[in-house]
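Any read-out appearing in this document is the output of simple, stated calculations on the displayed coordinates, not a laboratory observation. Remember, predicted model here, so these are calculated numbers, not experimental data. Note that we place each Cβ from the backbone using ideal geometry, even for glycine, and neighbour counts take in every protein chain shown.
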Amino acid sequence: MKTVDSLKELERRAYRSTFDDGIYDIQFGLIFLILAWIPILETIGISRFVGYALLIISPILLPWFGKRFITIPRMGAVEFGPKRKSRGRLMLAVGASVIILMLPLLIMIIGKGVPGRLGWSMIAMFAAPVLAIAVYFLDFPRLFVYLALLMFGVFESEFLLEYVHGPFNTIISLGIPGVIVLAIGLTLLFKFMKKYPKPAPEVNHVSG
C-alpha cells in the first residue's frame, strides 16, 4: 500500500513539475492584459473583436507552442496514468464548453445588443464557478489565485467606472495584476530554462 501511495506521490510531483516552466502563468497574465486592452483598442478606433479573438485564441496556442518548443525539448514528453489523462481531457472539455457557451454573449456585446458592463458581469458570474472546477481538475493551486484576481478585477473595473473614466478603470483593475502575473510567469520561465538547458544536438562524426 505504501508503495502505491509513493508512486502516486511521485506521479503528482512529476505532474506539478510540468507547471514549473511558467507558461500557464504567462497565459493568465496575457488574459488579464488582453481584457485590460480591449477598451483601449476601441478608443483608438480598433474593433473590440480583435481583443476578443486574442482572448479565445491565445489560451489555445500559447500553451501548445510553449510546451512544444520550450518544455518538451528540455524535459521530454511525460506520460501520466489514465486517471491523470482523464482529468486533463475533462479540463479541456470544460474550458471548451465555457468558450462555446460564452460566444453568443460575446457576439451580443460586440454588436451592442447587451451593454458591455452588464455583459461582462454576466460572463464573470457564469464563468467563475465553471473555471474553478477546471482549475481543480488541473491540480494547479496557483491558478486559483489568478482566477480569484481575474474575477475580482472584472467587478472592480465596473465599480471604478463610477469614479475613473474608461479605459483607466480596466488598466487599474486588470492591467496592473496582469503585469504582475506575467512577471511571475516570465521569472519562472527564465529559471526553468536556466535549470534545464536545451540539450545540444548530436553531431554525427563520419570516420574517414
Extend 7 Å from the Cα of F190 along its Cα-to-C-beta direction; within region 20-34, residues with backbone N under 16 Å of that point are 21-23, 26
For region 24-38, Karplus-derived ³J(HN,Hα) couplings (6.51, -1.76, 1.60; θ = phi - 60°; whole Hz; x for glycine and proline) come out as 5, 5, 4, 4, 5, x, 5, 4, 4, 5, 5, 4, 5, 8, 4
Expected sort for L143, L55 with the fewest Cβ neighbours (10 Å cutoff) up front is L55, L143
